[in-house]
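Structure record follows, encoded as structure tokens.
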Amino acid sequence: MDTQGTITVARALDLPALRRGLPEVVTGGELLDRPVRWVHAGEAPNIAALLKGGELLLTTGLGVGPRPAEQRAFVRRLAERGIAALVVELGPRFRTLPVAVVDAARSCGLPLVQLHREVPFVAVTEEIHTEIVNEHYALLQQADVVHRQGTEVLLRGGGVPEILRNFAEFAGNPVFLETPDGRLLYAAGPAGVRPGATDPLQAWEGLRARRADGPDRRPSEPTAGSVLADVPGGGQG
């Protein structure tokens, strides 16, 4: 996953505010590259209904519920909502995490983290949000550079292939220009040979095959993990 312009769960756990809580990853250690869109702290039993997905949820567990069935349902609703991770501060509510919470998080593929020391949630929220905003600002600066590069290419008579190469380098992924009906016009990938890198044409063939697997998918509809953008007068990329 390319998390450029975001921070991941792993990065959030490594920031000083959360490190002071002595975080321990209980489940989902292989999913810590998930991007964190925002941080939310709450104790309401229906907290999942207040979230949009991508949040790092901080809680002491007051809303989790006393019975195993309630605890499993609480975790399941959060996972269905698509939060990035659940962080539970151990203390008066839970001295240790309930087995039902741990099992539900593991079965749902939800990163679950316990904090062994009390931390001010407001400090955690402020620090992570500052990091997210800084990452977004840096991404906007990079996007401005790419825009200026594209303008310079056009002014000196360059063409679409060079612009696509610049954009692929910025995105760190292959970039394609297609006609509205899905025919490939140009393909470009990041410069240089990178470990595990896929040839742009192979990547496009894979996307085309995934489109064909969906009988109700339109030719111009993006597959999961891809982004579709309209290009005035030039097709789609």
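Answer rounded, prolate or oblate for segment 9-158, using the Cα gyration tensor with square roots of eigenvalues a ≥ b ≥ c: rounded when a/c is under 1.5, else prolate when a/b is larger than b/c, else oblate.
Judged from the Cα gyration tensor, segment 9-158 comes out prolate (a/c at least 1.5, a/b above b/c).
Taking only protein heavy atoms into account and a 1.4 Å probe, give the accessible area per residue of segment 25-98 in Å².
Using a 1.4 Å probe on heavy atoms only, each residue of segment 25-98 averages 48 Å².
Could you calculate the FRET efficiency of Arg183 with Asp144 from 1/(1 + (r/R0)^6), where r is the beta carbon distance between them and R0 is 35 Å, rounded to 0.05?
In this case the efficiency is close to 0.65.
Contour minus end-to-end for Asn46 and Glu162, with contour as 0.36 nm per residue of separation and end-to-end as the Cα-Cα distance?
36.7 nm
Taking 0.36 nm per residue of sequence separation and subtracting the Cα-Cα distance, how much length would be gained by fully extending the chain between Val133 and Thr151, in nm to one decimal?
Computed gain between Val133 and Thr151 is 3.8 nm.
Run through the DSSP bridge list for segment 9-135 and note the antiparallel percent, rounded to the nearest 5.
Looking only at bridges with both residues in segment 9-135, the antiparallel portion is about 25 percent.
Can you compute the modelled spin-label distance between Arg76 and Glu30, with each label point 7 Å from Cα toward Cβ, in nm?
2.3
If r is the Cβ-Cβ distance from Arg106 to Leu15 and R0 is 25 Å, what FRET efficiency results, to the nearest 0.05?
0.50
The values are calculated or read from the model by the stated rules, or taken from the named source; none is laboratory data. As the structure is a prediction and not an experimental result, all values here were calculated from the model. All Cβ positions, even for glycine, are placed from backbone atoms using ideal geometry, and neighbour counts span all protein chains on display. With ligands, DNA and RNA removed, areas are computed over all heavy atoms of the protein, side chains included. Shrake-Rupley method; radii C 1.70, N 1.55, O 1.52, S 1.80 Å.
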